[in-house]
Amino acid sequence: MEEAKRELSDLIHPHRGSISFAFLKSLGASSVPKLVHAFLQEYPNVQFQIFENATNIMLDQLQTGEIDFCMSSVTESRAGIQWEYLWKDELYAYVPDTHSFASRQVLSISELAHESFIALKKGYGSRTIFDQLFEEAEIVPNITFEGEEFLTVIGFVAAHLGVALLPEIKGVDLRGIKKIKLKEDTASRVIGIAWNKDKYLTPVAKKFQEFLIQYFKDHHTGGKR
């Protein structure tokens, strides 16, 4: 009965309502604010509930119905969760500008074997890719610090406490740090939008889903699946 009432209300007001949306913290500084602003230009009566979490937590939220969508790196599949590709990001090595590798243009994972690493905690998509890269190279990385925030990881690199593997972080102060391309083709993360196929989506939520997919097609035309 409650769902039927909600559907009737949605039919009467298809451009109103609330959208619950979770995303990686690394996307909160640039990509997501621009996206939401662009959507609200077309649908000004929509309210957003936003969350910033690790990938595994966002997928938990999708499965329990707490959120409508999440935007994350595609590193995990779960029953009932559907993914749509958005774009691909390269991962880079971040080292202090006094490091012996600071003048290099390209590095391989094997060359980083003996470095001390600042890494994100397990559960984040970039950490999953980090682990896969070292597993493929048959190297056990020396992780000295683990954090939950990209800014914290970068701060530790700037303080000469280690090196990090991360995607490009726009709008972040990288003074004292060098960003170096990685040789491995697998050093990248795929960003996608995910939703629960069994959860009821309001008309405005479906509009947002369509808008988001088209938005990143328009803004990441060079991205490939």
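Here, each number is a calculation from the coordinates, and none is a lab measurement. In this text the structure is predicted, and so the values were computed from the model without any measurement. Methodologically, a virtual Cβ is constructed for each residue, glycine included, from the backbone with ideal geometry; neighbour enumeration extends over all protein chains shown.
The modelled label-to-label distance between S116 and V172, using points 7 Å beyond Cα along the C-beta direction, is 2.0 nm.
Available extension along the chain between Q82 and S18 is 20.9 nm, counting 0.36 nm per residue and deducting the alpha carbon span. Contact order for the chain, expressed relative to its length and based on alpha carbon pairs under 8 Å spaced 6+ residues apart, stands at 31 percent.
Across the range 156-169, coupling constants 3J(HN,Hα) worked out from phi with the 6.51/-1.76/1.60 Karplus curve, θ = phi - 60°, read 5, 5, 4, 8, 6, 9, x, 10, 9, 10, 8, x, 5, 10 Hz, and Gly and Pro carry x. Comparing mean-square fluctuations of Y92, Y200, Y124 from a GNM of the chain with C-alpha springs under 10 Å, the top value falls on Y200.
Which pairs, out of K88/K121; K181/K206; K25/K197; K179/K207; K121/K178, put more than 26 Å between their alpha-carbon atoms?
On the way: K88/K121 21 Å; K181/K206 38 Å; K25/K197 24 Å; K179/K207 38 Å; K121/K178 22 Å.
Beyond 26 Å between Cα atoms: K181/K206; K179/K207.
Under 5 Å from the amide H of G162 lies no amide H of any residue 5 or more positions distant or on a separate chain, with H modelled from the backbone and absent for Pro and chain starts.
Percent antiparallel among DSSP beta bridges with both residues in the range 77-225, to the nearest 5? Don't skip to the answer; put the middle values down first.
Values: 18 of 26 bridges.
For the range 77-225, the DSSP antiparallel bridge percentage is about 70.
Work out the length of the dipole vector of the chain about its Cα centre, built from +1 on the beta-carbon of each Lys and Arg and -1 on the beta-carbon of each Asp and Glu, and round it to the nearest 20 debye.
Numbers: 25 positive and 30 negative charges, 108 e Å.
Computed about the Cα centre, the dipole is about 520 debye.
Remark on W87: its backbone amide H falls under 5 Å from those of I191, a criterion applied only to residues 5 or more positions apart or on other chains, H modelled at 1.01 Å from N.
Using r as the Cβ-Cβ distance of I139 and A38, and R0 as 41 Å, what FRET efficiency do you calculate, to the nearest 0.05?
Details: r = 42 Å, r/R0 = 1.03.
Efficiency computed from Cβ-Cβ geometry: 0.45.
Amide H to amide H distances under 5 Å link V172 with no residue, where only residues 5 or more positions off or on other chains count and H is placed in the peptide plane. Taken over the Cα atoms of the chain, the convex hull encloses 122 Å³ per residue.
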